[in-house]
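The values are calculated or read from the model by the stated rules, or taken from the named source; none is laboratory data. This structure is a prediction, so every number in the text was calculated from the model and none was measured. Note that each Cβ is placed from the backbone with ideal geometry, even for glycine, and that neighbours are counted across all protein chains shown. Surface areas here come from the heavy atoms of the whole protein model, side chains and all, with no ligands, DNA or RNA. Shrake-Rupley method; radii C 1.70, N 1.55, O 1.52, S 1.80 Å.
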Amino acid sequence: MGGATVYGSFSNVIFTVFLLSSFSSLALPGSGRAGGGSAGQINSNSILVALLDSHYTELAELVEKALLLQTLEEAVGKHNITIFAPKNEALERDLDSEFRRFLLEPRNLKSLQSLLLSHIIPTKIDSVSWHESAESTRHGTLFDGHRLHLSLEETGEKAVDRAKVIHPDALTRPDGVIHGIERLLVPQSVQDDFNNRRTLRSITAVKPEGAPEVDPRTHRLKKPASPTKPGSPPALPIYDAMAPGPSLAPAPAPGPGGPHHHFDGESQVKDFIHTLLHYGGYNEMADILVNLTSLASEMGRLVSEGYVLTVLAPNDEAMAKLTTDQLSEPGAPEQIMYYHLIPEYQTEESMYNAVRRFGKVKYDTLRLPHKVMAQEADGSVKFGQGDGSAYLFDPDIYTDGRISVQGIDGVLFPPEEVVVKSEKKLFSAAKIVTKPRRGILSFQFQL
């Protein structure tokens, strides 16, 4: 808490120096302003400088991010102002996190400016003027078309719209006054902008659409697809969805998602990658999916189109055993990861029940035509054979109905590659020595 206060004070000091340097060259009309001075310039006694040096640090920070300095300089140059400053808690702890994120997005800069300008009245109204005015008055703000309703209750409490004034005359200067209020005032136009950010596509349930029938040889439409029930599986095999055909136009997106993106695959993939990072011990796997390859994007697209995936995720200890030669070949990281992706939705329970019932089960992978074999071993599920095997180590790390992540303690390779690698090791260890011949030099080779 103390560190945050020091940081806020330091940033305000720098910002105040910048504001004073810009104020020093701004000439203001001397008429119609209280405390304008003969020089007609804003000095350190300005209400804007007082705001930046005050304990309303959250409001001062928003003014800086909204790029309103020039606008407020011009406003103070024309007339006195009254600022209704929400307390820091109202802008930090009490404010909805989504609404705050909306205001701080660069594309919503206009909404943030409108919100802040609606807290400023282009006239000075201190406590005395408040009492002298009528019990209920309306005043226009610097935000065009927006007016604030100032009221005075019988108990003497002041209110601005629906916010109570908790610190009247918190800061008073010749060119303005600041009143502390308990909550943020949100104009209806800003509230509408916030509500309209969510389209019907993202907040309503969209009826899934079935995939059109496609000729797998040409990847062209054969005829309109018959009506399908919502949530039905995709019509095309997942391998056709991974690689579009040779036709000029790629095959249409299969699955119940259709053009409405019923399944948000990108968010689901991000969610399971974050789960891997928070779970611990699977950072290398997440790094390969996001940085070393583009598999995260491809997985998100497949899930959005209605497909399901089971990820066999090797832990960091297993990934550390990979050699440079295994990862340096072009496309090697992708091929390794494809062999760990099963185009089915499997959990620990479903896989264990399958191997208990059938003994050995082969699952298709995204690395055609290879399959990964699973069998029961030591009360768990064992994938692969021989030296290239791995056990189900951390079951059900992530399961959301579309993506299932199962942690394993080894990196899997197709059986053919395991045999080839073992042969290479044996062959590289052998030495070929020619027999010495009389009158001819003998040579020794090592492969």
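Matching residues to (1) modelled with pLDDT of 85 or more; (2) in contact with a helix residue (DSSP H, G or I) (Cβ under 9 Å, 6 or more places away or on another chain); (3) over 23 Å from Asp175 (Cβ atoms):
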{"site": "Leu68", "(1), (2), (3)": "yes, yes, no"}
{"site": "Ala90", "(1), (2), (3)": "yes, yes, yes"}
{"site": "Arg93", "(1), (2), (3)": "no, no, yes"}
{"site": "Phe99", "(1), (2), (3)": "yes, yes, yes"}
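Looking across the range 297-315, the residues that are open to solvent by less than 40 Å² (accessible area, probe 1.4 Å), not hydrophobic (A, V, I, L, M, F, W, C) and not in a strand (DSSP E or B) come down to Glu298, Gly300, Ser304, Glu305, Gly306, Tyr307, Asn315.
Exactly one residue out of Ala318, Ala374 is under 28 Å from His278 (Cβ atoms), outside any loop (DSSP other than H, G, I, E, B) and in contact (Cβ under 8 Å) with a residue 60 or more places away in the chain: that is Ala318. What number of residues within the range 328-358 are polar (S, T, N, Q), surrounded by 11 or more Cβ atoms within 10 Å (Cβ to Cβ) and in a helix (DSSP H, G or I)? The qualifying residues number 3. Residues of the range 150-163 that are closer than 29 Å to Gln70 by Cα and either open to solvent by 50 Å² or more (accessible area, probe 1.4 Å) or acidic (Asp, Glu) (or both): Asp161 alone.
The strands (runs of 3 or more DSSP E) located wholly in the range 133-220 that include 2 or more residues which are over 30 Å from Phe263 (Cα atoms), touching a helix residue (DSSP H, G or I) at 6+ places or on another chain (Cβ under 8 Å) and at pLDDT 70 or above occupy 147-152, 163-173, 176-181.
Among the candidates Val160, Val165, Val177, Val128, the residue that is of a type in the set (Val, Ile, Thr), without any contact (Cβ under 8 Å) to a residue 12 or more places away in the chain and under 25 Å from Leu52 (Cα atoms) is uniquely Val128.
Filtered by the rule that a residue be assigned to a helix (DSSP H, G or I), open to solvent by 30 Å² or more (accessible area, probe 1.4 Å) and more than 20 Å from Leu327 (Cα to Cα), the range 269-296 gives Lys270, Asp271, His274, Thr275, Leu277, His278, Tyr279. Of the residues making up the range 127-136, not a single one is within 20 Å of Leu171 (Cα to Cα), within 35 Å of the chain's Cα centre (by Cα) and not hydroxyl-bearing (Ser, Thr, Tyr).
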